[in-house]
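The values are calculated or read from the model by the stated rules, or taken from the named source; none is laboratory data. Computed from a prediction, not measured in an experiment: that's the story for all the values here. Positions of Cβ are generated from backbone atoms using ideal geometry, with glycine treated the same way; all protein chains shown enter the neighbour counts. Side chains are part of the model used for accessible areas, which takes the heavy atoms of the whole protein and leaves out ligands, DNA and RNA. Shrake-Rupley method; radii C 1.70, N 1.55, O 1.52, S 1.80 Å.
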2 protein chains.
Amino acid sequence: MELELKEMLTDLEALKQSLSDPSHRAPLDKLQLHVERLTNLVKAAPVRRSKVKDMSAEVVDSNPYSRLMALQRMGIVENYERIRDFSVAIVGIGGVGSVAAEMLTRCGIGRLLLYDYDKVELANMNRLFFRPEQAGLTKTDAAVQTLSDINPDVVLESYTLNITTVQGFETFVESLKNKSFRPSKQGSGVDLVLSCVDNYEARMAVNQACNELSQTWLESGVSEDAVSGHIQLLIPGETACFACAPPLIVASGIDERTLKREGVCAASLPTTMGVVAGLLVQNTLKFLLNFGQVSPYLGYNSLKDYFPTMEMKPNPQCSNVACVERQKEYILVKPARDAAAKAKMEVAAQSTAECPPLHVDNDWNISVLDDSPLDSVDARASDTLPEGLTRELPSADEFLKLPTPEATAVDDLEELRRQLEAINST
Amino acid sequence: MELELKEMLTDLEALKQSLSDPSHRAPLDKLQLHVERLTNLVKAAPVRRSKVKDMSAEVVDSNPYSRLMALQRMGIVENYERIRDFSVAIVGIGGVGSVAAEMLTRCGIGRLLLYDYDKVELANMNRLFFRPEQAGLTKTDAAVQTLSDINPDVVLESYTLNITTVQGFETFVESLKNKSFRPSKQGSGVDLVLSCVDNYEARMAVNQACNELSQTWLESGVSEDAVSGHIQLLIPGETACFACAPPLIVASGIDERTLKREGVCAASLPTTMGVVAGLLVQNTLKFLLNFGQVSPYLGYNSLKDYFPTMEMKPNPQCSNVACVERQKEYILVKPARDAAAKAKMEVAAQSTAECPPLHVDNDWNISVLDDSPLDSVDARASDTLPEGLTRELPSADEFLKLPTPEATAVDDLEELRRQLEAINST
C-alpha cells in the first residue's frame, strides 16, 4: 500500500506541473494532503520486529529473550539457548495446540511443524489464540500469520492435511523424518511430537507414526464437558502406547464432528485448554532443556483442582506391531541404560559431597522439608488408579482388586482391549 | 481510512467536472483508479464481528458461544448466560493478568475493569497476549484494543494508573464502588477482584481496598525463578488477608523494577503464567457461576507437577484495621450462615433421596471411588504447611512444631509480622 501511495504522489506532482492554469492547483494540493495523511497512517501501522541473531541475557526493554535467559542465572536451566536447536511437531492446532504453539514460539523454539486441515470458525472464539477476523482461514495459515508476527526467529512449517488419510499420513511421516534443519540429529528430524487432536483416529495415527519412528511424544486431551484434561508422555517400547490402553473417553469414538452433525457439540473452556497447554509445554521444556521431572501422566480435574499422576507400562500383547517391536528393543538396551544412569548418579552424588554448601548463613531459617509428594508416590508405586481417574479409565476397581501390580497391568489391559473391541463392534 | 478515501474520490470527481480541457482528465482517471484500488485493499482488511444480543446454544460455526452454552447441556453450569451480569476487576495486566483478561473476554464476561500503569515492551514477548507491534503502548490501551476485537460484547473499562499512589488508590476504590453497570447489585460494583500484580506494595493496596469494601478477591503470583506460582481466595473477615500472613517471596520486597535497575531481571515463562492464569480464571468461573469447588489456596510447583492446597484463617491481631473489623462482623453473622447452609444441605439430601438414580443400568461397570483427595484433606485439617510450600512461606517448621493449630496460627503470624517488620526496617 505504501508503494501505491508513493506512485500517486508522483502522478499528482506530474499533473500539477502539467497544468497551465494555476487556479486548478488548489484541489490538487488538497488531494496531495490526503495522500500524505494516508501515507502517515500506513507508516504508523504495525511493523514487525526484526530477527535476533543470538539470544542475549541483557536486561533492556527491547530484548525479547531477557526473561528466558534469566532462567540460567536463576539456576533452573543450564543452557537456555539450546532451545534454538530443537524441532517440535504439533498435531492439531485447536484450543490446546494453538496455545502450545504460541508458548513455544514465545520461548524461541528453533522450529515448529504444524498440522491441521480445519478452518477457523467463530465457534472457536471461546478458546485462546485465534481472532474473529481469521474466521474462514485454515488454522495452519492463521497460526503461521500470528506466530511469525510474534517471533520471526522461529522456523515455521505448516501442513494443511488430515493425518488419518493414507496420503496425509505419508506426508506426516516424511515430514517428521526430514533432517535438513539439524542434519547431525540422531533418530527422526524432530525432538518431540505433541498430539493436540480431538478424536480417536487422529490419536491412533500419531501413535502409529511415533511407534514406527521410535519417536517420543506427548499426548493431551480435554474432556467433552470441558472441566478436565490430561497430558501423557509416550516413549515407544518404554511406556504404554496409545493402543496398549486408550482412555475410555476417547475410545468411545465421540468426536466433535460426529456431535456437531447431530446438532449438539462438546463444551470447551479457554481456562481448561490453557491449563492443559501450559502443562504440556512446561513438560516439553523440561524434556528438551533437561530440568525438573517430566510427568509420565498428569490429570487435571478442574472442579476440585485435583491433579492425579500415574505411570503406565507397555502391554506385551499390544495390537500395534511397531509397539511390540519397540518393547523388544527396549528390553535389550535397558540393562546398559540402567547401569549408565546409576554411574551418572554416583558421580553427581560424589561431586555434591565435594562442594561446600551454597548458603552457609541462614538468616531467615529456611529449611527444606522431605520433598516426596505422598500422593504421587502412592500412585506411581503400583499400577492402581489414583482417585479422580474413574471417569476417564474404565474398570478402575479392577486395578485395585488384583494382587501383583506387574502381572495386573498386562492382564487388565488385555481385558480392557477386549472390552473396547466389543464396544466398538456393536 | 475508508472515509478519507471516499472524500478523495468526491474531490477527484469535482475536479474532473471543473476541468475545461478534457485532455487533463486522463491523469485524473489514473488517480481515481489508484484510490479505488486502495479502497478495495482497505475493505479487504479485517472486519470486526458484530455484537450478539443474546447468548445462543445453537450449534453453528458462526456462534461464538455454542461451546460455552454447551456447559449447561453437559450439566456443569445451571445458567451460563448469567456471566453477562458479572463485573470482574483485574489489577495488573502483565503475564498473568492479560491472559486472565483474554480468558474472561472469550467467556463473554459482562464487564472487565483493567488497571495498569506500565507500557508494553519487547521484553514482555516471552509471555502470552501482547504482540511486538504493541510495544510502546500502555498495557491498558493495548489490552482494550485486542480484547474489543476478540469480543465486542464485553464492556471494557481501563484505568491507566498506579494503585499504590494516593490519587491512584482513590480512583481505584471509587471505580470498584461504581454500580451503574448493575444498580441492583449488593455490596460493591464488582463481583470479584483479581490481583495479578508483581510487587508487595500493589498487593497491599488491593488488600486494603478489598478489606475496606468487604470485597472478595483472588490473589495470584509467580515466583522469580518462573517455575512456581499460586492462587489464593481472600474473603475479608473469613480467610486470612494479605496482611495477616504475606508469603515471604513477596514480603522480601524484590520486584521487577528494583531488579531491573541492577541489571538483572526475574525470569518468566509463558507456561507457568498461562497455567496460573488458567487456574485463576477457572476458579473465578466456579465462584461466579456456582459450580465445582473454589480452592482456598492452590500452589503450582512446575518442576514436579505438584499442586499443594491449604486454608488460612484470619489473624485476630492483624495489623490491618479493616481486616479486624471484617473479622468481627463475620463472627456475628457466622452462626446464622452456618444454620442456613446446614438447612440447605438437608433439603438437598432429602430431594436426592426422593429421586430415583440417574443411571440404573451400568454396562461399563463405572464405579465412584472415595473422592476426598488425601493430600488436601491433610493440609486442610490443620494449619500445618503441606509439602512444597517451604519456599514461599517462612518458618514452615514452626507450624509443625506447635501443639494446637488454632492458637498456633495466631502466635506464629504475630511472630512472622514482627520478623517482616524487622526486615523491612533495615
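Run through the other copies and list how far each one's label point is from that of residue A:84, in nm with one decimal, shortest first; the point sits 7 Å from Cα along Cα-Cβ. Spacings between copies for this position, smallest first, are 5.1 nm. Around the amide H of residue B:118, modelled in the peptide plane, lie the amide H atoms of B:139, all under 5 Å away and 5 or more residues distant in sequence or on another chain.
Stretched out straight at 0.36 nm per residue, the stretch from residue B:141 to residue B:329 would grow longer than its current Cα-Cα span by 63.7 nm.
Sorted shortest first, the separations between the residue A:332 label point and its copies elsewhere in the assembly read 8.0 nm; each point sits 7 Å from Cα along the Cα-to-Cβ line. Taking a ≥ b ≥ c as the square roots of the eigenvalues of the Cα gyration tensor, an a/c ratio of 1.5 or more together with a/b no larger than b/c marks segment A:128-251 as oblate. Set the Cα radius of gyration of segment B:13-112 against 2.2 N^0.38 Å, with N its number of residues, and you get 1.96.
Taking the Kirkwood radius as Rh and the Cα radius of gyration as Rg, segment A:2-44 has a ratio of Rg/Rh equal to 1.03. With each label modelled as a point 7 angstrom along the Cα→C-beta vector, the residue A:165-residue B:9 pair spans 4.1 nm. The alpha carbon gyration tensor of segment A:160-225 gives principal lengths a ≥ b ≥ c with a/c of 1.5 or higher and a/b greater than b/c, which makes the shape prolate. Diffusion coefficient of segment A:45-197 by Stokes-Einstein, Kirkwood radius over Cα pairs, 4 °C, 1.567 mPa s: 78 µm²/s. At a probe of 1.4 Å, how much accessible area disappears from chains B and A on forming the pair, both sides counted, to the nearest 100 Å²? Roughly 10200 Å². Between residue B:157 and residue A:74, the simple spin-label model (points 7 angstrom out along Cα→Cβ) gives 3.4 nm.
Distance between the C-alpha centres of segment A:68-112 and segment B:193-241: 30 Å, rounded to the whole angstrom. In terms of distances greater than 19 angstrom between alpha carbons, the cross-link table entries A:6/B:30; B:313/B:334; A:119/B:51; A:286/A:328 yield A:119/B:51; A:286/A:328. Shown for segment A:2-44: the carbon plus sulfur share of the solvent-accessible area, taken with all protein chains present and a 1.4 angstrom probe, equals 57%. Label-point distances for residue A:317 to the equivalent site in the other copies, using a point 7 angstrom along Cα→C-beta, read 6.7 nm when ranked shortest first.
Site pair residue B:346 and residue A:17 shows an inter-label distance of 9.8 nm when each label is modelled 7 Å from Cα along Cα→Cβ. Taking the charge dipole of segment A:2-44 about its Cα centre, with +1 at Lys and Arg Cβ atoms and -1 at Asp and Glu Cβ atoms, the residue from A:15, A:31, A:3 reaching farthest to the positive side is A:31.
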